[in-house]
Amino acid sequence: MPKKKPASQVVNSCTILVCHGTGCVSGKAFEIREALEKKVAELGLKGVAVDFTGCHGFCQQGPIAVVEPEGIFYTKVTVDDVPEIVESHLRDGKPVARLFYHDPVSDEAIPLYKDVPFYNRQKRIILRNCGRINPERIGDYIAAGGYKSLRKALLDMTPEQVIDEVKRSGLRGRGGAGFSTGQKWEFCAKAPGDQKYMICNADEGDPGAFMDRSTMEGDPHTVIEGMTIAACAIGASEGYIYIRAEYPLAVKRVLLALKQAEEEGYLGENILGSGFNFRIHVKEGAGAFVCGEETALMASIEGKRGMPRPRPPFPAQSGLWGKPSNINNVKSLATVPVIIANGAEWYAQIGTEKSKGTVVFALTGKIANSGLVEVPMGYPLQEIIYGIGGGIPDGKRFKAVQTGGPSGGCLPASLLNLPVDYETLAQAGSIVGSGGMVVMDEDTCIVDVARYFLSFTQDESCGKCVPCRLGTKQMLDILNDITHGRGKLEDIDLLLKLSEQIKAGSLCGLGQTAPNPVLTTIRYFRDEYEEHIKKHHCRAAVCEGLVSAPCSHTCPAGIDVPRYIRFIGEGKPAEAVAVIREKIPFPAVCGLVCFHPCEAKCRRGQLEEAIAIRMLKGYAASHDNGLWKENIRAASPTGKRVAIVGAGPAGLTAGYYLARLGHSVTVFEALPEPGGMMRVGIPDYRLPKDILKAEIKEIEDAGVEIRTNTRVDSLDELFNEGYNAAFLATGAHQGMKIGVKGEGSPGVMDCAEFLREVSLGKKVEVGGKVAVIGGGNAAIDAARTALRLGAKEVTIVYRRTKAEMPANPEEVEEAIAEGASIDYLVAPSRIKGHSGWVELESLRMELGEIDSSGRRRPEPIKGSEFATGYDTIIAAIGQRPEVPERFNISLGWGNIIEVDPDTLATSREGVYAGGDAASGPASVIEAIAAGRQAAISIDKYLGGRGEIEETLAPPEGEIAPLEEAEEQWRPKMPTMPLKKRLSSFGQVELGYDDKAAIEEAKRCLRCDLEERE
Amino acid sequence: MAEITATINGRQVKAKEGMTILEAALESGIDIPTLCHRPELVPIGACRICVVEVEGSRTLVGSCHTPIAGGMVIHTHSDKVLATRRMIIELLLASHCGSCYMCDKANICELRKIAADLEVGLPRFQMRKNYYALEDISPYIVRDLTKCIMCRRCARACREVAGHNVFGIAYRGFDTKVVVDFDQPIDKEVCRDCGVCISFCPTGALGKPREAKEEKRGKPLIITS
């Protein structure tokens, strides 16, 4: 620290403050400050000062520099930026715009500190001085009002009054347990004994939590002041700050602050002339998590192994060295001076009835803005995550939020409306704890999260009591088994029992809370546990023991993606098709229309961009030469007959595999042409008819008979005709109603019907101005189809926002490029039919609370009604299955056929169902996967072994994992020029050429070849 | 000392202030199993086998270390208590060395006795064991840590009864163990022949060396016709 007069005495026109918290220091903040000082001196700028502060809490944006008094907020500053900042801003007065904070939500640059949403929604009491004062100068703290409370407590108040003030404020321990701080002080004050100790617990050990460190680094004097007030209240003459040794900067600043406080008379003998003596020692902890427990912490100060001991006696009676002692967390102590200064009433009005004041969270994980967040107790969880945190980045879906570190729990989306306070979180199975908050998105495996936290507590267990030492070990091993595909269904119950007894039987808080992550994840995400156990499936494609390559693991049909991509990379597309054909009979269709969940999980996507798996599949399929037929096994006829109702992707896939197993298969189709939604739901410009026809032809060649224009109404008739089993794959073709008055008016069409009629070549007139209601893929298809039918103005009306829209973003982009527009946050309220046109009355919406789907529910804005005239309104709200009553099978919610999720068996013997009819509207690849499962189940039912796995591709040559990946983006897909598109239904995607496909295929990281444990 | 009244298993019992729940229960003829606790030693509440239910308490409490208070309502054998005790025994057995048939101390083993009392059979858990080499270089003591259940009676007896301080605790979690020096095998340099710890060990982890063992190791059995 260069010698300088205290800031208050220097009149500078501006000061640039560089953050010197640990995060920014690791980003070279020291060097940045030195460079700034050098440059300012070099240019001889008068009235410009360079200084530093403690942590701002927005470490993700560090190193941070703030120019006061303007309040310009610079983020991610590097040493190379220094000359520009000094010359342009400090000398010429022009702030450097490229270093402004860039808001991830609004996509805008925000120059001023006070306008950054991350900060301006917070209420900072504990962190009030962090990032604002120089933590290494006591003068700054005093100038900010510091040590006034100490003076007041020592000179104007009695210890009883101080305790009473803190009690009435409602302050509760911020270390996690939430016990009343005032009461704790009172116990210790009343305990008999001449020697008492005041201890500050700064052994912050939760993974990801760093608020105690930041407080000590950014404002060490507030901790000292709080501690001295507490010491005076309980009558302690000696104090300890227990800081973990991994916090060297905090230790350094606290030691410096102690020295300064002693020099200025705020510590030591006869403080402020009050006659009260108090000394503080710093004890560096060796980094054991259990030392956060107060009795273990005291053992550690005494030089013993940090292990908890039974209570009672409580530390207030017999603590450090057997003397009455009081332990408070850093945050509790940092709050005390504010309470004394402003009074208990002022503090008690912040927060909720039972939880007063503010709480600091270390917000991390899959969140746009990560950092320290201080909010009043009772603040809604979703406001922290979406308001302050800016939501989930990269368009991913929120999955869970973990609060309270390894002692806390995981809360699902449906609980995001919860206010954050001690009681509410405890009820939900979690805790406020010391304030860790980890946000997880869909790419996080919940079982793996539980396993991680258990491995942490098992590693950190002191080993004293049996439930914690051995119980958490057993739990960890069970979780390891589950994540490696060795789990049993009974394991879930065993975990629950173990958890309950470990919680009840453990000696200290560590063991008593260790099962919380497991309990809450089972409570809210049991289906994921079961999926791991029963199907060996990890939907986040994370668990190493289950997942070879995330793409093939995510593919519903399980296509061996990396293998066919390698074939493409070697210039062997026919071999690639053979690999794809090992799992699905529709390579070309999927190459054009699959919604490719594989790409969302592609590991290359974490580098720059996922492999274009779908497009590569399309490329391979268009270069097929029939090589796959060489390895086909012929099965002898079984003499069994199977009836399949519905010639969509599910029905045809099941038919194909059943025919290959030797059964005689007949597919009944009500429409004049086979293909189901592939034929009548997906428009020609995405899936040309001849491509579909060619693939259906292969299925017919395998021996499947397709009877079109044949509607099946009764299953009994089928069985009477001699069929031995039936598979119902009737799809979901019935459009759902909007649910507003007047939707029966002429000019209002149902989307499914509209697309069907257009596909089947009927003449459909839509007029010039069309509204499509809905936000799914069907809505986008309808809009693009309407444009091709000659509509000049197509508006998609969607009641939520872009972030919640279920439609494939690529399709949305194409639709907008072709001229469609989207009206977000609008919901229809009424339709009026007029002659030749329809009037759509709508309401504007705003996003309210989170609903059970984890999305924010749109709520109408009062008085926002408006009306627009259209020639046609297309309702794309959704579809549901139509199941004839005479099928006599049980139906579930939304009219879908109830099936056993594992076998697809319905309530009737010998009858199976799959695809949209049994799942509700889904995708082609999911229907194909259902078709495969149906073929397996039906074959087993008919006496076979249900073996449909086959190897069609020739063996691969020598292969090795990809050594190094250089940044490279996927080649652009050539498309039909926009001008030409709207005049026809010609295919929009033109496909990769050989060069582009090989280049793209070579980007694959070959995760399947990686070595694993 | 003042006398207080509490309720144990629905029965009014009298106790002296300062007594633990365990002491009060024993005095009233109620048996609570203990493993890490010995009346001669300061209770540490490590094994948790003596837990009982105290109405109004968030968790079960260790009866060996919790002082009884007037008006307490205590259940020493409720379903919850028994389930927890059984789980503790199961956990110990799952991490305890192999078969009792091979153990010299099988018939005086406290773990085995409590397991039998609580009707615990084969544990529901997978066997998770730490195997340690037998420490038999000392002429006074043989230590088999594979049989150790971490009750720490040896360490406490050594300090509190014998007045030495031979043992310490090291490592964390499942790997926690009672160590001598910096995790050295116990030898005659650090520990003489007082044998106090051996008499305190509830299992076969500590024992006296036997002559027969020496003989067998030194001379292979030769069969002559």
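Some points to look at:
- Cα-Cα over 22 Å, subset of B:Lys105/B:Lys129; A:Lys304/A:Lys464; A:Lys503/B:Lys105; A:Lys167/A:Lys356; A:Lys464/B:Lys208; A:Lys252/A:Lys304: A:Lys503/B:Lys105; A:Lys464/B:Lys208; A:Lys252/A:Lys304
- Dipole in debye (nearest 20) - the protein assembly as shown, about Cα centre, beta carbon charges: Lys, Arg +1; Asp, Glu -1: 2260
- A simple count of charges around A:Tyr197, restricted to other residues whose Cβ falls under 9 Å of its Cβ and scoring Lys, Arg +1 and Asp, Glu -1, yields +1.
- Charge dipole (the stretch A:1-158, unit charges on Cβ, about Cα centre) - positive-most of A:Asn129, A:Val66, A:His20: A:Asn129
- Between A:Ala803 and A:Lys94, the simple label model (points 7 Å from Cα in the Cβ direction) yields a spacing of 3.5 nm.
- Radius 13 Å from Cβ of A:Arg970, net charge of other residues (Lys, Arg +1; Asp, Glu -1): -2
- Two-site label geometry, A:Glu810 and B:Val73: point separation in nm, points 7 Å out along Cα→Cβ: 6.6
- Fully extending the segment from A:Glu246 to A:Glu42 would add 69.7 nm, taking 0.36 nm per residue of separation and subtracting the current Cα-Cα distance.
- Between amide H atoms placed 1.01 Å from N, distances below 5 Å from A:Ile822 occur with A:Ile796, all of them 5 or more places distant or on a separate chain.
- When the C-alpha to C-alpha distance is required to be over 31 Å, the pairs from A:Lys396/A:Lys535; A:Lys114/A:Lys366; A:Lys697/A:Lys769 that qualify are A:Lys697/A:Lys769.
- Anisotropy class assigned to the stretch A:736-878 is oblate, per the alpha carbon gyration tensor with a/c at or over the 1.5 cut-off and a/b no larger than b/c.
- Among the residues of A:703-709, the average count of other protein chain beta-carbon atoms within 10 Å of the residue beta-carbon is 0.
- Sites A:Ala286 and A:Trp321, calculated FRET efficiency, Cβ-Cβ separation with R0 22 Å, nearest 0.05: 0.70
- Positive dipole terminus of chain A, leading residue within A:Phe278, A:Leu43, A:Asn808 (C-beta point charges): A:Phe278
- Dipole magnitude for the stretch B:1-129: about 480 debye, using +1 per Lys or Arg Cβ and -1 per Asp or Glu Cβ, origin at the Cα centre.
- Peptide ranges A:557-564, A:905-912 listed from the most packed, as the mean C-beta count within 10 angstrom indicates: A:557-564, A:905-912
- Under-5 Å amide H pairs with B:Val179, H placed in peptide plane, nonlocal only: B:Gly168, B:Ile169, B:Ala170
- Per-residue average of Cβ from other chains inside 10 Å of A:304-311: 4
- Label-point separation in nm, B:Ala116 to A:Asp851, each point 7 Å along Cα→Cβ: 6.5
- Relative to the dominant Cα principal axis of chain A, helix A:516-534 is inclined by about 20°.
- Straight-line cross-link partners of A:Lys196 among the lysines, defined as a Cα under 16 Å from its Cα and at least 8 positions apart when in the same chain: A:Lys184, A:Lys323.
- Sum of side-chain charges, A:Ile696 neighbourhood, beta-carbon under 13 Å (Lys, Arg +1; Asp, Glu -1): -4
- Dipole axis of chain A (+1 Lys, Arg; -1 Asp, Glu on Cβ), positive-most option in A:Gly894, A:Val338, A:Phe210: A:Val338
- Per-peptide average of other Cβ atoms within 10 Å, ordering A:663-676, A:957-970 highest first: A:663-676, A:957-970
- Take A:420-432, A:504-516, A:622-634 and order them by the average number of nearby Cβ atoms within 10 Å per residue, most first; the result is A:504-516, A:420-432, A:622-634.
- Put a plus charge on the Cβ of each Lys and Arg, a minus charge on the Cβ of each Asp and Glu, and nothing anywhere else: the dipole of the stretch A:297-387 about its Cα centre is then about 540 debye.
- For the peptide A:468-477, the mean number of other protein chain Cβ atoms found within 10 angstrom of a residue's Cβ is 6.
- Annotation: amide H of A:Gly357 within the under-5 Å range of A:Ile350, A:Gly351, A:Thr352, A:Met377, sequence separation 5 or more or interchain, hydrogens built in the peptide plane.
- Couplings for the stretch A:815-831, taken from phi via the Karplus curve 6.51 cos²θ - 1.76 cosθ + 1.60 with θ = phi - 60°, read 4, 5, 4, 7, x, 6, 10, 10, 9, 7, 6, 10, 10, x, 10, 6, 10 Hz in order; Gly and Pro are left as x.
- Rounded, prolate or oblate (a/c below 1.5 giving rounded, otherwise prolate when a/b exceeds b/c) for chain A by Cα gyration tensor: prolate
- The string of couplings for the stretch A:966-976 from the Karplus curve (6.51, -1.76, 1.60, θ = phi - 60°) is 8, 4, 7, 9, 6, x, 6, 6, x, 10, 5 Hz, one whole number per residue in order, with x for Gly and Pro.
- Partner lysines for A:Lys995 [C-alpha distance under 26 Å; skip if fewer than 8 residues away on the same chain]: A:Lys572, A:Lys601, A:Lys617, A:Lys972, A:Lys980
- Phi-based couplings in Hz for the stretch A:266-283 (Karplus 6.51, -1.76, 1.60; Gly and Pro marked x): 8, 9, x, 7, 6, 5, 6, x, 8, x, 8, 10, 7, 10, 10, 10, 9, 10
All of the numbers you see were taken from the coordinates with simple rules; none came from a lab. Because the structure is a prediction, the values reported are computed rather than measured. Note that each Cβ is placed from the backbone with ideal geometry, even for glycine, and that neighbours are counted across all protein chains shown.
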